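Read through the structure below, which is laid out as structure tokens, and then see the notes.
The values are calculated or read from the model by the stated rules, or taken from the named source; none is laboratory data. What you see is a predicted model, and the numbers here were worked out from it, not measured in a lab. Cβ coordinates were reconstructed from backbone atoms using ideal geometry, including for glycine residues, and neighbour counts include every protein chain displayed. Side chains included, ligands, DNA and RNA excluded: accessible areas come from the protein's heavy atoms. Shrake-Rupley method; radii C 1.70, N 1.55, O 1.52, S 1.80 Å.
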Amino acid sequence: MELATLLAFAVFVIVMTGTPGPGNLTFLAIGASSGYRTAFPVIVASMLGSLPLKLGVAYGLGHVMAAGGPIVTVFKVLSMAYMSYLAWRIVSLSVRPKGEVAPPSFWEGLLIHPLSPKTWAMNLVAFSTFAGNGLSVHENALILVSGFTLGGLFFHSLWALAGVSILALIGEGAVMRAITVVMAVAMLGATLWALVL
């Protein structure tokens, strides 16, 4: 991959993994309600869960999704259902008494990216825009998967730490509950927006 293409890809990764989406808003909410130690296993799970998606797109699944049809409709329904479930879990963490509700688990984290329309969109765009340049499919897959994995780990952690900072700044209580509800609604809004586009 040429240096200019690699730099353009790096900027793309920073923008896509660093901006709000279902994953980042989930990690912000977990960090704010339960701390970074609780958020980190879910972050790792989300990265592991995204690997089959990234590899699938690299090796041709992207063409199937781009073509539309019933499989995309099923994906949209599953995506909205799972993100609604995650939003409910996040709000429950904040509104119910401490310890009554467990934060999202490692296993729940595995599905965040495979069912996130933002993750699908950024992978489809990346593989159609930055792959090629005389490299084999395997080399392109390695570069693009590595870039998104490193970017995801870094920025998901930053969002979780931002949540921890919000909690430290305002503490628990009505304001924190309101912020958590707003984050959950924003996550659903981001998901719906991505599904409609």
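Say the dipole of the chain comes from +1 at the beta carbon of Lys and Arg and -1 at that of Asp and Glu; which of V57, F155, L93 then lies farthest toward its positive end?
The Cα lying farthest towards the positive end belongs to L93.
Any chance you could list the semi-axes, whole Å, largest first, of the equivalent ellipsoid that the Cα gyration tensor gives for the range 107-197, using √(5λ)?
Details: eigenvalues 219, 53, 20 Å².
Result for the range 107-197: semi-axes of 33, 16, 10 Å.
Tell me, what is the Rg over Rh of the range 1-75, with Rh the Kirkwood radius over Cα pairs? Numbers along the way, then the final one.
On the way: Rg = 15.8 Å, Rh = 14.9 Å.
Expressed as Rg/Rh, it is 1.06.
Expected output is a single nm value to one decimal: the length gained when fully extending between S105 and N133, i.e. 0.36 nm times separation in residues minus the C-alpha distance. What is it? Spell out each step's value before the answer.
On the way: separation 28, 0.36 × 28 = 10.08 nm, distance 3.99 nm.
Once the chain is fully extended between S105 and N133, it gains 6.1 nm.
Compute the long axis of helix 137-170 from its Cα atoms, compare it with the longest principal axis of the Cα atoms of the chain, and write down the angle in degrees, 0 to 90, nearest 10.
It works out to around 20 degrees.
Just the number, please: carbon plus sulfur as a percent of the accessible area of the range 14-105, 1.4 Å probe, no ligands or DNA/RNA counted. Walk me through the numbers before you get to the answer.
Details: 2970 of 4110 Å².
Whole-percent figure for carbon plus sulfur exposure: 72.
Rounded, prolate or oblate: which one fits the range 37-109, using the alpha carbon gyration tensor with axes a ≥ b ≥ c (rounded when a/c is under 1.5, else prolate when a/b beats b/c, else oblate)?
Working: a/c = 5.25, a/b = 1.83, b/c = 2.87.
Oblate shape, in that a/c is at least 1.5 and b/c is the bigger or equal ratio.
Ordering L142, L158, L93, L188 by how much accessible area each has at a 1.4 Å probe, largest first, what is the list? Present the calculation step by step, with values, prior to reporting the outcome.
Details: L142 115, L158 80, L93 25, L188 45 Å².
Accessible-area ranking of L142, L158, L93, L188, largest first: L142, L158, L188, L93.
Would you calculate the separation in nanometres between label points at L161 and A81, each defined as 7 Å from the Cα along the Cα-to-beta-carbon direction?
3.7 nm
Excluding ligands, DNA and RNA, what is the solvent-accessible area per residue of the chain at a probe of 1.4 Å, expressed in Å²? Before the final figure, lay out each step's value.
Working: 9470 Å² over 197 residues.
Spelled out: the 1.4 Å probe surface of the chain, per residue, equals 48 Å².
Rank-order 67-75, 46-54 by packing density, defined as the average count of other C-beta atoms within 10 Å over each peptide's residues, highest first. All intermediate terms of the calculation are to be shown ahead of the outcome.
Details: 67-75: 10.8, 46-54: 20.0.
With the highest mean Cβ count within 10 Å placed first, the list reads 46-54, 67-75.
Roughly how tilted is helix 3-18, in degrees to the nearest 10 and between 0 and 90, from the longest Cα axis of the chain?
Result, in degrees: 20.
Is there a quick way to get the dipole size of the chain? I mean about its Cα centre, with the Cβ of Lys and Arg at +1 and of Asp and Glu at -1; what is the value in debye to the nearest 20? Don't skip to the end; give the middle numbers.
On the way: 8 positive and 5 negative charges, 79 e Å.
It comes to approximately 380 debye.
About the Cα centre, and with charges only on the beta carbon of Lys, Arg (+1) and Asp, Glu (-1), how big is the dipole of the range 90-194? Nearest 20 debye, please.
On the way: 4 positive and 4 negative charges, 43 e Å.
The calculated dipole for the range 90-194 is roughly 200 debye.
Could you tell me the relative contact order of the range 73-158? Use alpha-carbon pairs under 8 Å, at least six residues apart, and round to a whole percent.
Details: 28 pairs, mean separation 19.8, N = 86.
Worked out over the range 73-158, it gives 23 percent.
Once you put a point 7 Å from the Cα of I170 and another 7 Å from the Cα of Y36, both along the Cβ direction, what distance in nm separates them?
2.1 nm
Relative to the longest principal axis of the chain, what angle (0 to 90°, nearest 10) does the C-alpha long axis of helix 36-56 take?
30 degrees
With the contact rule set at Cα under 8 Å and sequence spacing of 6 or more, what percent relative contact order holds for the chain? Provide the component values of the computation, followed by the final result.
Numbers: 242 pairs, mean separation 89.7, N = 197.
That works out to 46 percent.
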